[in-house]
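Undergrad: Encoded as structure tokens, here's the structure I'll be asking about.
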Amino acid sequence: MAEQGLTIEVGGLCFNARYSNLNADRGPSLRIYGEVEGQRVQLLRFDCFEVDPHYHYDPDGKNNLLRLDTTKVSDPITWAMDHLRGNVASLVRIAGYGPLADDLDEGVLTAALPTVEKALRDSIPAKASGMEASGLRFAVDYRTTSTDRGPSLRVLGEVDGQSVQLLRFDCFENDPHFHYDPQGVNHRIFLNMARVTDPIAWTMDYLQGNVTSLVRIAGYGRLADQLDEAAVTAALPGVEKALRDSVPRG
């Protein structure tokens with residue numbers, strides 16, 4: 001099976017940069033592989049995700065996962081590059097692969113990091129860059145589950161220094177619905193398909209002049225108090241276009 005993303009081979013390691021899209025989070029992901037006893041092994045992984053950035057030692061083995069402090073780290077890709085610079089051999093050793101670490105040329109690996117960083121940033125789809133208004137971020141993608149598919153809109157905001165998913169609208173073909181506080185209480189409400197023929201249009205109508213109230217219902221009253229409803233409403237045409245453009249053609 002072909003490797004996803006872009007793979008850069010240097011200094012006896014393979015750096016694979018790809019964009020990962022999970023149910024609850026998404027973002028660029030860097031997987032570092034090496035050969036151990038004739039087998040290709042994933043030594044390290046850096047998931048530079050939007051909501052919960054983290055990294056792994058020996059992801060397919062003991063899988064020691066460490067989360068970044070998002071109150072201190074605003075750019076997980078930059079943090080990952082800084083953490084790797086001059087430090088790859090040490091990290092590979094911590095992952096449990098000392099003999100491989102002993103053979104690495106740290107200078108050669110460090111020289112490759114600007115190319116790796118570019119590959120990570122280039123992996124971000126244009127539509128995933130999102131739109132911002134009044135401190136909120138609107139992230140659009142096309143989701144496929146085991147039973148349904150369709151455009152999905154996530155509304156994110158900063159709460160106590162953390163990026164939090166406040167609302168999500170899944171404009172699915174069969175079972176469209178929306179969530180208040182998807183990663184917390186996750187109150188989910190289904191649309192009445194007898195009355196709603198276009199879930200995207202319904203979502204835009206529901207958000208129009210109403211985002212502050214919805215954020216407050218989701219449990220984030222202090223954030224709601226700071227929102228400029230007019231600024232958010234002005235961003236909605238762009239959000240709608242991104243949702244419609246996310247639908248695969250053909």
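Undergrad: Could you tell me how many of the residues in region 164-190 are crowded, with 19+ Cβ neighbours inside 10 Å and among the basic types (K, R)?
TA: 1
Undergrad: Shifting gears a bit: In this structure, is F178 among the aromatic types (F, W, Y) and part of a strand (DSSP E or B)?
TA: So F178 passes the test.
Undergrad: Hey, another quick one. Can you pull out the residues in region 21-46 that are crowded, with 18+ Cβ neighbours inside 10 Å and among the hydrophobic types (A, V, I, L, M, F, W, C)?
TA: L30, I32, V41, L43, L44, F46
Undergrad: Let me ask something additional. Answer yes or no: is there a residue in region 54-69 that is within 20 Å of D122 (Cα to Cα), buried (at least 20 other Cβ atoms within 10 Å of the Cβ) and in contact with a strand residue (DSSP E or B) (Cβ under 9 Å, 6 or more places away or on another chain).
TA: The answer is yes, given that some residue of region 54-69 is within 20 Å of D122 (Cα to Cα), buried (at least 20 other Cβ atoms within 10 Å of the Cβ) and in contact with a strand residue (DSSP E or B) (Cβ under 9 Å, 6 or more places away or on another chain).
Undergrad: Among the residues of region 235-250, what is the count of those that are over 25 Å from the mean Cα position of the chain (by Cα) and either of a type outside the set (G, A, S) or within 10 Å of A133 (Cβ to Cβ) (or both)?
TA: The total comes to 0.
Undergrad: Among the residues of region 190-201, write down those that are without any contact (Cβ under 8 Å) to a residue 40 or more places away in the chain and either touching a Leu at 6+ places or on another chain (Cβ under 7 Å) or in a helix (DSSP H, G or I) (or both). Give the steps one after another, and end with the answer.
TA: The initial filter retains those residues of region 190-201 that are without any contact (Cβ under 8 Å) to a residue 40 or more places away in the chain, namely 190-198, 201.
Answer for region 190-201, where residues must be without any contact (Cβ under 8 Å) to a residue 40 or more places away in the chain and either touching a Leu at 6+ places or on another chain (Cβ under 7 Å) or in a helix (DSSP H, G or I) (or both): just A201.
Every number in this text was worked out from the coordinates using simple rules, so none of it is lab data. Everything quoted here is computed from the prediction, not taken from an experiment. Cβ atoms come from the backbone with ideal geometry, glycine included; neighbour counts cover every protein chain shown.
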